[in-house]
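For reference, the structure is listed below as structure tokens.
The values are calculated or read from the model by the stated rules, or taken from the named source; none is laboratory data. The structure displayed is predicted, hence computed values, not measured ones. So basically every Cβ, Gly included, is an ideal-geometry build from the backbone, and we count neighbours across all protein chains shown.
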Amino acid sequence: MADIKEEFQKRFQKKPDHIFFSPGRVNLIGEHIDYNGGKVMPCAISLGTCLAISKNTDKVFRLQCLNFPETAELHLQNSYTKSGKEWFNYPLGILNHVLGLGHSVSGLDMLFDGNLPIGAGLSSSASIEVLMAFALDQLFQLNIPKVEIALLSKKVENEFIGVNCGIMDQFAVTFGEKNKAILLNCDSLEYELLPFDTGNYSLVIINTNKTRSLADSKYNERFAQCGAALKALKKEIGAKNLCDIDIQTFQTRRYLINDPVLEKRALHVISENVRVKKAARVLNENKLEEFGQLMYQSHQSLKELYEVSGVELDTIVEFCKDYQGCIGARMTGAGFGGCAIALVDKRKIEDFTNRLTEFYKQKIGYEPTVFASDIGNGVRHVPANYILF
């Protein structure tokens, strides 16, 4: 807080009027089933993005960031277009969309800062989008409902940025609550908050530090494979989505697919949907160790059936299974790099970090980044005396 206030003063020769914060997110379980009619279980984390902001009378939008050297200074106009691959396209896209809805805004001086690793699958883009939308709503009293903040942020990601993501990321960073997991139906946006008090354990995030170069192309491939498997099963099963099919029905009709690869993809989707339902039940019963076992099962399915893991993520989970103070671990996100998550005894985090780092470096050749995170609240206004990072 002190750093961003001081830096804002240096750059704009005034104090910020307000400071806002938006978290990142992890998906606890339910991977690659949102586009198959299943439910996901994300939560907001304590890492995220901070925005110091003040109105100006110059009719200019000044966008700066402590994490990137690129800046933008744009005069107020009716619409904007994407500029290359710069970081400021995310807040600019939100601004463009809000103006397109007919809302009236004035010039702004903005300084962003964050501690989410870029490209690690923790939704740094959604964090910025929701942060900007929430800040504009608060500053100009636009009265945009929270669900619309999530939806317009997704629309910006899809249409302005050009990334065909779902709603999970934006929804999680908007609606996250401390020590709660969100059981979300991505189609209907119906959701339930589940207790996720980790007790003597911490949620640990492990960044493989591998660039996820294959994630987008393989995502599209898996999407198509699921569609092909569903089409084959529909010859005898009346189902809208793969997740509408129970495991027993699938086992008796899997011969319809007649392709071993497509069978594996469908089996992951259907069994992962079952795991999400079990996960919701055990969280409601505060059975954290059972939840941890479901995490391990999820990773095994993603590795063997859906084939979206990789040696880096598998190395992390392999270590976690043998570490006495860890009760569960899995890859999170699209895969092929990015992050894994683990539930680790709070008393052993330093030892866990040191041993995992050594194990990973010996096998992979470079170190991962390990950090513990609280399950935090969603986007919010930050009181002046609050310490964020």
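Looking only at residues that are in contact (Cβ under 8 Å) with a residue 60 or more places away in the chain and over 18 Å from the mean Cα position of the chain (by Cα) in the stretch 114-147, which one is nearest to residue 22 (Cα to Cα)?
Going through the qualifying residues, I end up with 135.
Just checking, which of 127, 123 is crowded, with 17+ Cβ neighbours inside 10 Å, touching a Gly at 6+ places or on another chain (Cβ under 6 Å) and modelled with pLDDT of 95 or more? Give the steps one after another, and end with the answer.
Values: 123 fails: modelled with pLDDT of 95 or more.
Answer to the check: 127.
Restricting the search to the stretch 4-29, which residues are assigned to a strand (DSSP E or B) and either surrounded by fewer than 18 Cβ atoms within 10 Å (Cβ to Cβ) or not β-branched (Val, Ile, Thr) (or both)?
Result: 18, 20, 21, 22, 23, 24, 25, 27.
So which strands (runs of 3 or more DSSP E) are wholly in the stretch 30-83 and hold at least 2 residues that are under 25 Å from the mean Cα position of the chain (by Cα), in the same structural domain as residue 124 (by TED's automatic domain parsing) and surrounded by 20 or more Cβ atoms within 10 Å (Cβ to Cβ)?
On the way: elements: 42-55, 60-65, 72-75.
The strands (runs of 3 or more DSSP E) meeting that bar are 42-55, 60-65.
If you check 311, 344, which single one turns out to be surrounded by 22 or more Cβ atoms within 10 Å (Cβ to Cβ), in the same structural domain as residue 224 (by TED's automatic domain parsing) and β-branched (Val, Ile, Thr)?
Within the list 311, 344, the selection yields 344.
Out of (1) part of a loop (DSSP other than H, G, I, E, B); (2) touching a Phe, Trp or Tyr at 6+ places or on another chain (Cβ under 9 Å); (3) under 20 Å from residue 33 (Cβ atoms), the odd one out for residue 209 is which?
Only one criterion in (1) part of a loop (DSSP other than H, G, I, E, B); (2) touching a Phe, Trp or Tyr at 6+ places or on another chain (Cβ under 9 Å); (3) under 20 Å from residue 33 (Cβ atoms) is unmet by residue 209, namely (3).
Is one or more of the residues making up the stretch 184-191 more than 19 Å from residue 302 (Cβ to Cβ), crowded, with 17+ Cβ neighbours inside 10 Å, assigned by TED's automatic domain parsing to the domain that holds residue 46 and without any contact (Cβ under 8 Å) to a residue 60 or more places away in the chain?
Yes, because at least one residue in the stretch 184-191 is more than 19 Å from residue 302 (Cβ to Cβ), crowded, with 17+ Cβ neighbours inside 10 Å, assigned by TED's automatic domain parsing to the domain that holds residue 46 and without any contact (Cβ under 8 Å) to a residue 60 or more places away in the chain.
If you check 286, 258, 273, which single one turns out to be in contact (Cβ under 8 Å) with a residue 12 or more places away in the chain, over 25 Å from residue 164 (Cβ atoms) and touching a strand residue (DSSP E or B) at 6+ places or on another chain (Cβ under 8 Å)? Step through it out loud before you land on a result.
On the way: 258 fails: touching a strand residue (DSSP E or B) at 6+ places or on another chain (Cβ under 8 Å); 273 fails: over 25 Å from residue 164 (Cβ atoms).
That would be 286, the only listed residue that is in contact (Cβ under 8 Å) with a residue 12 or more places away in the chain, over 25 Å from residue 164 (Cβ atoms) and touching a strand residue (DSSP E or B) at 6+ places or on another chain (Cβ under 8 Å).
Take the conditions assigned to a loop (DSSP other than H, G, I, E, B) and at pLDDT 95 or above and apply them to residue 237. Does it pass? Show your work before the answer.
Working: assigned to a loop (DSSP other than H, G, I, E, B): yes; at pLDDT 95 or above: yes.
Yes; evaluated as a whole, the condition is true for this residue.
Looking at the stretch 93-113, which of its residues are crowded, with 22+ Cβ neighbours inside 10 Å and either free of Cβ contacts under 8 Å to residues at least 24 places away in the same chain or out of contact with any strand residue (DSSP E or B) (no Cβ under 7 Å at 6 or more places or on another chain) (or both)?
93, 94, 97, listed by residue number.
Only residues that are farther than 11 Å from residue 274 by Cα, out of contact with any helix residue (DSSP H, G or I) (no Cβ under 7 Å at 6 or more places or on another chain) and free of Cβ contacts under 8 Å to residues at least 60 places away in the same chain: list them for the stretch 240-254, please.
We begin by selecting, within the stretch 240-254, every residue farther than 11 Å from residue 274 by Cα; these are 240-242, 248-254.
After this cut, where a residue has to be out of contact with any helix residue (DSSP H, G or I) (no Cβ under 7 Å at 6 or more places or on another chain) as well, the list is 240, 248-249, 251-252.
Residues satisfying the conditions are 248, 249, 251, 252.
Identify the residue in the stretch 328-358 that is hydrophobic (A, V, I, L, M, F, W, C) and in a strand (DSSP E or B) and, among all such residues, is farthest from the chain's Cα centre (by Cα).
So, considering only residues that are hydrophobic (A, V, I, L, M, F, W, C) and in a strand (DSSP E or B), the one farthest from the chain's Cα centre (by Cα) is 344.
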